[in-house]
């Protein structure tokens, strides 16, 4: 009888301990879930913030190119040519081609090597003369 009582007491104590631990683990699980949700929300916020900044940089980049075109007072056909050269040459910074005659010549060569119309060279020559006062520089074949 004493052995049965001791076994029953131990089982009861074990059951109560299990109930207490499971109640504590419920709180722990709730905190872990809330923590994970907070971390995911923070990561999502950072991703959205970076996307908006990247879009803002692209818009600014395009605005600078357009502003440079207006500042240089290029005609509509000249502006179309310059945009076409920048696009065909796949320039990362298209405004850089407007900084010097050599940059412009490199962009024209890049556009021609990418399959651009060879007739753009003559128009590019006249644009270069108006922008920089010199014809397109010849690029060395090295």
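The values are calculated or read from the model by the stated rules, or taken from the named source; none is laboratory data. Predicted model only: the values in this text are computed from it and were never measured. All Cβ positions, even for glycine, are placed from backbone atoms using ideal geometry, and neighbour counts span all protein chains on display.
Do we have residue 29 as surrounded by 10 or more Cβ atoms within 10 Å (Cβ to Cβ), modelled with pLDDT under 90, over 30 Å from residue 134 (Cα atoms) and not assigned by TED's automatic domain parsing to the domain that holds residue 117 here? When the stated conditions are applied, residue 29 passes them.
Among residues of segment 51-78 that are farther than 21 Å from residue 99 by Cβ, those with a beta-carbon under 8 Å from a residue that is modelled with pLDDT of 75 or more and surrounded by 10 or more Cβ atoms within 10 Å (Cβ to Cβ) at least six positions away or on a different chain give the pairs 77/123.
Residue 65 passes every criterion in (1) within 21 Å of residue 138 (Cα to Cα); (2) within 25 Å of the chain's Cα centre (by Cα); (3) surrounded by 13 or more Cβ atoms within 10 Å (Cβ to Cβ) apart from (1).
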